[in-house]
Amino acid sequence: MSRPPAPPPGLLIVDKPAGMTSHDVVAKARRFLGTRKIGHAGTLDPMATGVLVLGVERATKLLGHLALDRKTYLATITLGAATTTDDAEGDVLTEADASEITDGAIAAGIAGLTGELQQVPSAVSAVKIDGKRAYARVRDGEEVDLPPRPVTVHRFDLLATHRADGRIALDVMVDCSSGTYVRALARDLGAALGVGGHLTQLRRTTVGPFTLAAARTLEAVDAEPGLSLNLSEAVAAAFPRRDADAAEARAVRHGQRLPAAGIDGTYGVFGPDGEVLALAEDRGGVAKPVVVLLPA
């Protein structure tokens, strides 16, 4: 029995379901699309849902170059309890009656966690300590003390407040830099208000230029295997564009340099037919290919 043909290169934007790791999603996508050449950009915790960017075939070469440095989440933060994992999957460490916390105090706490911050990641994060993931060290019974690191919370908007049984559930929207832990925002907001806090729901709605509008469920991919964006569409969505003539296109496909384009950072080079040829960067008056996506 012959193997089915490999899928075309491109990006699959998955609407990740709850209860699966990002690696689980990749494994299913490999099976549905019939290829081993799939990787993911960034991760989502098992409890989280929403946008997960997968590179398929040659598009795996894009993943390290995509500017996915801004992400948006819809989340629910519960005040009145702190947990070992800073989310609902951990054991409760402390509980307190949050019913006396005023709306004004909540607003002030959120304002204090907006802007440029020094954030201590969650102890059960994927941050590496001497080559080993923090969550693996916690699982092995080690004490983990992570140093703070700079993050930016561009927006931290309160959408709704629900009060019941001595706890407060806050529906929020967070627009933040890559590397920001929304779990840590929940923890720090609860700590600032003196009652503890943890994350109870998390849905990622955007990663860089990619949104839920382009995302497909795993059920949809299983029923109708295919991409969200082909390689040319993916590069056009994520990078500035440079259009090359036929002679320049031939040069790029052979890995040769072109005159500088005057574009900051990495950009896509497209041939006369509109197909993407390479990612390139201007360096010292010339455009140097970073990744040739359509070699000669």
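Remarks
- Taken over the stretch 156-189, the residue count meeting the criterion of being closer than 11 Å to Leu113 by Cβ and either out of contact with any helix residue (DSSP H, G or I) (no Cβ under 7 Å at 6 or more places or on another chain) or charged (D, E, K, R) (or both) is 9.
- Just one of the listed residues (Thr211, Thr152, Thr217, Thr205) is among the hydroxyl-bearing types (Ser, Thr, Tyr), loosely packed, with under 14 Cβ neighbours inside 10 Å and touching a residue at least 12 places away in the same chain (Cβ under 8 Å), namely Thr217.
- Residue tally, condition touching a Ser or Thr at 6+ places or on another chain (Cβ under 8 Å) and either at pLDDT below 90 or at positive phi (or both), over the stretch 101-122: 2
- Residue that is farthest from the chain's Cα centre (by Cα), among those in the stretch 181-215 that are more than 23 Å from Leu93 (Cα to Cα) and in a loop (DSSP other than H, G, I, E, B): Ala215
- Filter pass, Lys61 being outside the structural domain of Gly194 (by TED's automatic domain parsing), over 18 Å from Val291 (Cα atoms), among the charged types (D, E, K, R) and not in a loop (DSSP other than H, G, I, E, B): no
- Beta carbons closer than 7 Å, at least 6 apart along the sequence or on distinct chains, pair a first residue in the stretch 77-101 that is within 13 Å of Gly166 (Cβ to Cβ) and in the same structural domain as Ala164 (by TED's automatic domain parsing) with a second that is part of a loop (DSSP other than H, G, I, E, B) and of a type in the set (Asp, Glu) for Gly80/Asp97.
- Every residue from the stretch 280-296 that is among the charged types (D, E, K, R) and within 12 Å of Arg242 (Cβ to Cβ): Glu281, Asp282
- Pairing residues of the stretch 169-181 that are closer than 17 Å to Asp69 by Cα with residues that are at pLDDT below 95 and of a type in the set (S, T, N, Q), at Cβ distances under 6 Å and at least 6 apart in sequence or on separate chains, gives Tyr181/Ser122.
- Within the option set Ala98, Ala67, Ala75, being modelled with pLDDT under 90 and touching a helix residue (DSSP H, G or I) at 6+ places or on another chain (Cβ under 8 Å) holds for one residue only, Ala67.
- Scope the stretch 182-202; condition under 16 Å from Tyr73 (Cβ atoms) and crowded, with 22+ Cβ neighbours inside 10 Å; matching residues: Val182, Arg183, Ala184, Leu185, Ala186, Arg187, Leu189, Gly197, His198, Leu199, Leu202
- Filtered residue count, the stretch 78-92, keeping only those that are among the aliphatic types (A, V, I, L, M) and at pLDDT below 90: 0
The values are calculated or read from the model by the stated rules, or taken from the named source; none is laboratory data. Note that the coordinates shown come from a computational prediction; the quantities given were computed from them, not determined experimentally. Cβ sites come from the backbone with ideal geometry, for glycine too, and all protein chains shown count toward neighbours.
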